[in-house]
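Have a look at the structure below, then the notes.
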Amino acid sequence: MTMEFAIEQVNNRSDLLPNITLGYQIHDSCSAVPTAVKAAFQFANGQDLEFTTGSSSCTAMANVAAVVGDSNTTPSIGMTRLLGLFGVPQVSHFATCACLSDKQQYPAFFRTIPSDHFQAAALAQLVKHFGWTWIGTVHSDSDYGNNGMASFLSAVQNEGLCVEYSVAFSIASSHSKVERAAEVIRSSTSRVIVAFVDAGDMPILMMELQKQPPPPLQWIGCESWVTDPEILKFGLLAGAVGFGIERSVIPGFREFLLQLPAAQVSKSLLLQEFWEDTFNCKLPVTESNMESKIFQQDFQKCTGTEVLQDVNIPYTDTSQLRITNMVYKATYAIAHAIHGVVLEKLKKVNFTVNGYPVVFDSNGDPVATYELINWQEAPYGTMKFVTVGRYDASKLKGQELSLIRNITWMNGKTQVPVSVCSESCPPGTRKAAQKGRPVCCYDCLPCGEGEISNDTDSLDCISCPDEFWPNSYRDECLPKVIEFLSLDEVLGIILAVCSITGACTVVAVGFIFYRHRTSPIVRANNSELSFLLLFSLTLCFLCSLTFIGRPSEWSCMLRHTAFGITFVLCISCVLGKTLVVLMAFRATLPGSNVMKWFGPPQQRMTVVCFTSVQALICTLWLVLSPPFPIKNMSLYNERIILECNLGSAGAFWAVLGYIGLLAVLCFVLAFLARKLPDNFNEAKFITFSMLIFCAVWITFIPAYVSSPGKFTVAVEIFAILASSFGVIACIFVPKCFIILFRPEQNTKKHLMGKVPSKAL
């Protein structure tokens, strides 16, 4: 009826095909290839004797200028293979198979409906837009379904989506094949199913699924069935979404339909059947329909006065003109082409009718535009088609799909359903494919040590820069914790307090010695070396403070060299005092004048010489390869240890070795002098101090090597403090005790052993 309406309009126009009247014939292929090919042969051989022009008939011989149709892909393929040989153009309004775009095989084929190539791309983008990565598919086992599904599968593969299953069936399939398809759908884990199915096949599948309904599924439909009102009755499809041909308005068309005259009805078997079904009556028997009316004489007869305006049927509903408009455009395209030269001009057609552009590309396809249709519940439990978006293939990549209103999903939900094989991997993890399964099925593995992922569904984790480390969630790189022995922590505070306490103790002892500098016990033990030893001990305690705090260039150079020189100065003084004790004992022997060779000048020179050697070692160390601050990132992955690189490890161990050598020498000499017959023999106290000193530093070596991070520095400070406290406790504390609490023993006679001593 749409084609008749369009032809009538063209024949009544003076600007299009003037003085030419278009005629037409309508054939029903019944979706059967043999019937369609038979009609194509009739078109091609010019044996049709009568052509209808709408109001009159002519019996002149005429060749067919063009063909509108067929509605289905497979009959269209059969027809265009034949018609193309004779150069007869064919313009289909509903055959969407992408295969028909091949101009080498189908040079005379055109269509006003977009190719399935575009619909497949649109469906793939729709699936991707809503985050469905795990879907099922079902399609008709026909050229339309097979080619359409092949295009869709290729499109989803390019989008990185996965298909759980793909089953095919058709109205001609055995019942067992339809059952198998239904069972696959019921047992699937995907919750979204894309149906590239012919409108005639869809009810077969729905009726089979209704016997044992599957879990709620979100159906995604193609234009073949998603706007078919005959399928709205299946409740399983509630909430379905799919692309349909754009709705259109054809001015005057509804009036044309409603004015269908009874005289015209009687001339067409198709219209007769429609009329009788609509009004539940039987038309009078005529010569043309006599055979079909033999057994209908007992039914109510049609009067011919029936009015179509009084009935509400799909025929009278022009609110959903979609495919209808494709027929209208196809008819006008042929009229415009005939206005020029048929086949070549049809390729160049470019006009607008009722606001709708008509143009064919090099493949004979129109610009692809679709409406996104949603099946929403209407009053009284029925369903209706609601346009919720639009797809325009002419727009930029990724911008083709646009939504204009909310979608009602399966079960009436407003929230987008989820259909994934595996849940999204959160930041901090990466996707690991499951062996033997599609890429959409994966495990979420935590990022490795030192790695992060800050996006959902990351394929790989990235390593943090050197000075950064992942947070606990491994989704962000944070600056590493910088660690060094500082005064802000308990250990640093304790060591600093001990260092200052030691220095204060030495100062206190020095003050006591200075107040009692004329007393026998101070004078008898070489007060000059004692004060020099106290000074060096003060420096030893204070030099440990250079090890606390953020390492810098000056502190790294100062801490080891200051420690080395002050300790050698300390040991040199102790060694000098030991030699004084030994020389003093030998000086009491008859005929000995040894003390004149080891007087105060020689003692000073001994201390200066020993200390100068250490100063020279430290100077060479600072000049050739000085210590310097570094960021140690190899000891801990998540922390940066600020420490001093020794520069030259050999120089460091040379400094320690020299200190150890002097300490051992001092210990040996003091040990030899420990039993000299003085009532207060300083040598035995020096022996104890050097014993503690050597024990501390021998223990220090393995502890220093094995201690991690800031504890290496703490061990070194502890060794300095322990050895310094050992010296002052063994050498000076007994003297201070006598000075302060045993003044009666602080006499020359007592020191010479002429007065019996009491136990301390």
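The values are calculated or read from the model by the stated rules, or taken from the named source; none is laboratory data. All values reported here derive from a predicted model rather than from experimental measurement. Glycine also receives a Cβ, built like all others from the backbone with ideal geometry; neighbour counts cover every protein chain displayed.
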- Query: Just for region 176-206: of the residues that are free of Cβ contacts under 8 Å to residues at least 12 places away in the same chain and not charged (D, E, K, R), which one is surrounded by the most Cβ atoms within 10 Å (Cβ to Cβ)?
  - Reply: Ser187
- Task: Determine if region 520-536 includes at least one residue that is surrounded by fewer than 20 Cβ atoms within 10 Å (Cβ to Cβ), assigned by TED's automatic domain parsing to the domain that holds Ile630 and farther than 21 Å from Arg604 by Cβ.
- Result: yes
- Message: Can you tell me which residue is surrounded by the most Cβ atoms within 10 Å (Cβ to Cβ) among those in region 146-171 that are of a type in the set (A, V, I, L, M) and over 25 Å from Pro203 (Cβ atoms)?
- Response: Val156
- Pairs only if they're at least six apart or on different chains, beta carbon under 7 angstrom, first in region 1-13 and closer than 18 Å to Leu321 by Cα, second of a type in the set (Val, Ile, Thr) and outside any helix (DSSP H, G or I); list them, first residue then second. Met3/Val68
- The number of residues in region 442-461 that are more than 25 Å from Glu164 (Cβ to Cβ) and loosely packed, with under 14 Cβ neighbours inside 10 Å is 4
- Answer yes or no: is there a residue in region 4-23 that is at pLDDT below 90, not in a loop (DSSP other than H, G, I, E, B) and not charged (D, E, K, R). no
- Message: Checking the structure you have, find out if any residue of region 481-494 is closer than 30 Å to Ile193 by Cβ and in a strand (DSSP E or B).
- Response: no
- Find the residue count for region 407-424, including only residues that are surrounded by 11 or more Cβ atoms within 10 Å (Cβ to Cβ) and part of a loop (DSSP other than H, G, I, E, B). 12
- Message: Is it the case, given these coordinates, that Phe725 is at pLDDT 85 or above and outside the structural domain of Ile565 (by TED's automatic domain parsing)?
- Response: yes
- Query: Can you spot a residue in region 697-707 that is out of contact with any Gly (no Cβ under 7 Å at 6 or more places or on another chain), assigned by TED's automatic domain parsing to the domain that holds Val623, surrounded by fewer than 16 Cβ atoms within 10 Å (Cβ to Cβ) and at pLDDT 80 or above?
  - Reply: no
- Quick one: which residue in Val490, Val481 is free of Cβ contacts under 8 Å to residues at least 24 places away in the same chain and either closer than 30 Å to Arg639 by Cβ or loosely packed, with under 12 Cβ neighbours inside 10 Å (or both)? Val490
- Only strands (runs of 3 or more DSSP E) wholly contained in region 338-406 count here; list those with 3 or more residues that are surrounded by 18 or more Cβ atoms within 10 Å (Cβ to Cβ) and at pLDDT 90 or above. 369-377, 383-392
- If we scan region 507-515, do we find a residue that is charged (D, E, K, R) and either without any contact (Cβ under 8 Å) to a residue 24 or more places away in the chain or not in a loop (DSSP other than H, G, I, E, B) (or both)? yes
- Under 8 Å between Cβ atoms, at least 6 apart or on separate chains: pull out the pairs that start in region 428-444 with a residue that is hydrophobic (A, V, I, L, M, F, W, C) and end on any residue that is surrounded by 15 or more Cβ atoms within 10 Å (Cβ to Cβ) and at pLDDT below 90. Ala433/Val439
- Task: Would you point out the residue of region 618-674, among those that are in contact (Cβ under 8 Å) with a residue 24 or more places away in the chain and basic (Lys, Arg), that is nearest to Thr578 (Cα to Cα)?
- Result: Lys631
- Output the number of residues of region 462-478 satisfying the condition of being in contact with a Pro (Cβ under 9 Å, 6 or more places away or on another chain) and either of a type in the set (Phe, Trp, Tyr) or without any contact (Cβ under 8 Å) to a residue 60 or more places away in the chain (or both). 9
- Among residues of region 430-469 being in contact with a Cys (Cβ under 6 Å, 6 or more places away or on another chain) and part of a strand (DSSP E or B), the residue nearest to Lys631 (Cα to Cα) is Phe468
- Message: Please verify whether Val506 is surrounded by 19 or more Cβ atoms within 10 Å (Cβ to Cβ), within 30 Å of Ile571 (Cα to Cα) and at pLDDT 90 or above, treating the condition exactly as stated.
- Response: yes
- Item | Subset of region 113-165 [within 19 Å of Val420 (Cβ to Cβ), outside any strand (DSSP E or B) and among the acidic types (Asp, Glu)] | Glu159
- Message: What are the pairs with Cβ atoms under 6 angstrom where one residue, in region 332-354, is among the charged types (D, E, K, R) and the other, located anywhere, is modelled with pLDDT of 85 or more? Sequence gap at least six, or different chains.
- Response: Lys345/Ala337
- Message: Any residue that is in contact with a helix residue (DSSP H, G or I) (Cβ under 8 Å, 6 or more places away or on another chain), closer than 15 Å to Ala195 by Cβ and acidic (Asp, Glu) - is there at least one of those in region 142-151?
- Response: no
